């Protein structure tokens, strides 16, 4: 087998010749001296490099990098925003706004020493909610910080807003690349889930070869193997859980919905890899219909059960 | 004791009155109705708020916030830079520069499609090292990315540079605040270590009350208690390890140097809290002298040992 392989790659060479390659030869066939010819090892390495180039060039690899960057941007933003929040809470502890960009804008707008200016700026930003925030500011338990402290906090807030903008741009870009690499997959699962699935298995082609039942639990390997070994309950969803249709559904039907989506995702991956036609829209419509059906059936069943228990209570 | 405390705070009130407070009274002493007077609980809460205000106002608390922010900026920078590096390594894997800002500047300067422009820009940035980088670029195994991919990478690089700048500014600011809050401590340990020590114990005053031996192992509590419980080796240094004199010293004398520094730090904390004079310069000079002595003695001992082993080898 090994000999065969050698022959396939470097035709017409005897094994003896191959061995000579490995030694340090000081002259080539014509007798001209040279310092270092490409040995077999070097030639194979060169070939592997070329192969790697074509492997990397595929756009689905870029999608994975973009997704990783977005993930880390989110992590960095969380870190910095939490610190900002903690620090600014000395000055204005009552300000509780989950939206990071809005919070940062308010940090830039509020100045206790210039309440009039603050009021107009807050009104511009928050509209109806402005009066509530102004009331909170007036009765605030916060402590006055030095101007230079507040300046540093505001500089940080500005940077957080810029990072947030970068993250948004990245997300838009990811969407574009996903539509280009795997339009069907992106339509059905959204670009983020598409990128995560591809990253998880290491390529679109590999994903296309997986059955729907595997795609359903990708990312939940720990729970899956726990199930196989110790007979605990099998996982209902892995990366797919991040799909809004799954995590917004009632617990009882999440598994069913995850299965429906995984089926379509598996189909979409196959179309994206081998077909290149865009059927995502129709597939998504069908999928949404099916999900609605599942939800309706669940609601009906719940209603029935409620009526049953009510009747039981009445008869009791 | 409880009664005493009550009397001290709300003079002339009997316990009976205190109980009445807790009920919902509908009128006050004059018989005028009111909705909600300040109950005892509310009054105590108000007092605690006032006390908290004065506690927070102290500048050493601000120092702790600044230090936390710097730490998180560093973490965020690490995250994002690693991702950037990973992504850019497809395009130019040979570029290995540990300095984040320089790497980012090179990312912005390099463009494989405009080698001439790249050369002049790289020369401007790197000086003598430019030719090396250009050679690496020309023989690079990297893969050409699309222009829009590179643009996104460059945008990220820009943001990283900005964050780096913010971090530097924060560090300068921290130094200023540390010099203001604890000039002696900052002179001897540097502003970052001063801030970390203060943050660790929860205030400059608390730090001033600790003996040098405790300050030496602050931040190494785990190892300390392991030592006390299981009789492992005691830790030689905690937060102090970050002092350049400690971590750049040979292992054998790190403990001695840490002890020397901790002694001076403990003194400095006491001066900063109760004295307010600036003796840091002289103390630091003395400390540096002592550290030099320790290092010299260690070098001598090592030399002697070497000579001994050499002699032994000769006689063998």
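Values quoted throughout were computed directly from the atomic coordinates according to the rules given, and no laboratory measurement underlies them. All figures in this text were calculated on a predicted structure; none of them were measured in a lab. No Cβ is skipped: glycine too gets one built from the backbone with ideal geometry, and neighbour counts run over all protein chains shown.
In percent, how large is the relative contact order of the stretch A:178-277, given Cα pairs closer than 8 Å and 6 or more residues apart? Display every interim value, and only then the final one.
Details: 131 pairs, mean separation 36.2, N = 100.
Relative contact order for the stretch A:178-277 comes out at 36 percent.
The rule of thumb for compact globular proteins, 2.2 N^0.38 Å, goes into the C-alpha radius of gyration of the stretch B:133-194 1.93 times. What the Cβ-Cβ distance of residue B:277 and residue B:206 gives, at R0 = 30 Å and to the nearest 0.05, is a FRET efficiency of 0.90.
Over all residues in A:117-125, what is the mean tally of Cβ atoms on other chains that come within 10 Å of each residue's Cβ?
Details: counts 0, 0, 0, 0, 0, 0, 0, 0, 0.
That works out to 0 on average.
When N is the residue count of the stretch B:138-238, what does its C-alpha Rg come to as a fraction of 2.2 N^0.38 Å?
Numbers: Rg = 22.1 Å, N = 101, 2.2 N^0.38 = 12.7 Å.
Scaled against compact globular proteins, the figure is 1.74.
Legend: mean number of C-beta atoms from other chains within 10 angstrom of residue C-beta atoms, peptide A:76-83, equals 5.
Summary value for chain A: 15 percent relative contact order, contacts being C-alpha pairs under 8 angstrom separated by 6+ residues. Sorted from longest to shortest, the spans of the Cα atoms of the protein assembly as shown along the three principal axes equal 116, 99, 56 Å. When residue B:274 is represented by a point 7 angstrom out along its Cα-to-C-beta vector, the spacings to that point in the other copies are 8.4 nm, nearest first.
For the stretch B:262-293, the residues whose amide N sits under 20 Å from a probe point set 7 Å from the Cα of residue B:213 along the beta carbon direction are B:262-270. Pairs of alpha carbons in the stretch A:39-124 separated by more than 23 Å make up 54% of all such pairs. Between helix A:191-201 and chain A there is an angle of about 40 degrees, using the helix long axis and the longest principal axis of the Cα atoms. Suppose the Debye formula is applied to equal point scatterers at every Cα of chain A; what is log10 I(q)/I(0) at q = 0.06, 0.08, 0.12 Å⁻¹? For the requested q values the scattering log ratios are -0.43, -0.68, -1.01.
Under the definition of partner shielding as Cβ atoms of other protein chains within 10 Å of a residue Cβ, what is the mean value for peptide A:150-158?
Details: counts 0, 1, 10, 3, 0, 5, 7, 0, 2.
That works out to 3 on average.
For the rotation carrying B onto A, the chain B residue whose Cβ lies nearest the axis, with the distance in whole Å, reads B:76, 2.
Given the rule -39500 (n - 2.57) for each run of at least 4 DSSP H residues, summed and divided by the residues of chain B, what is its mean residue ellipticity at 222 nm, to the nearest 500 deg cm²/dmol?
Working: 16 runs with 232 residues, N = 316.
Value at 222 nm, helices only: -24000 deg cm²/dmol.
Taken over the Cα atoms of the stretch B:91-199, the convex hull encloses 131 Å³ per residue.
Tell me the angle of helix A:115-126 to the major Cα principal axis of chain A, expressed in degrees between 0 and 90 and rounded to the nearest ten. The two axes meet at around 60 degrees. The listed peptides B:226-234, B:208-216, ordered by packing as a protection proxy, come out as B:208-216, B:226-234 (highest mean of other Cβ atoms within 10 Å first).
Here residue A:172 yields copy-to-copy label distances, from shortest upward, of 3.4 nm, the label point defined as 7 Å from Cα along Cα to C-beta. The length gained on full extension between residue B:124 and residue B:172, counted as 0.36 nm times the residue separation minus their Cα-Cα distance, comes to 14.5 nm. Using alpha carbon centroids, what distance separates the stretch B:77-97 and the stretch B:248-316, in Å? About 40 Å separates the Cα centre of the stretch B:77-97 from the one of the stretch B:248-316. The calculated P(r) of the stretch A:253-293, using every Cα pair and 10 Å bins from 0, goes 30, 51, 18, 1 in percent.
Between the helical axis of B:280-315 and the longest alpha-carbon principal axis of chain B there is an angle of about 50 degrees.
Our estimate of slack between residue B:230 and residue B:43, defined as 0.36 nm per intervening residue step minus the Cα-Cα distance, is 62.4 nm.
Contact order for the stretch A:171-219, expressed relative to its length and based on alpha carbon pairs under 8 Å spaced 6+ residues apart, stands at 25 percent. When residue B:47 is represented by a point 7 angstrom out along its Cα-to-C-beta vector, the spacings to that point in the other copies are 8.7 nm, nearest first.
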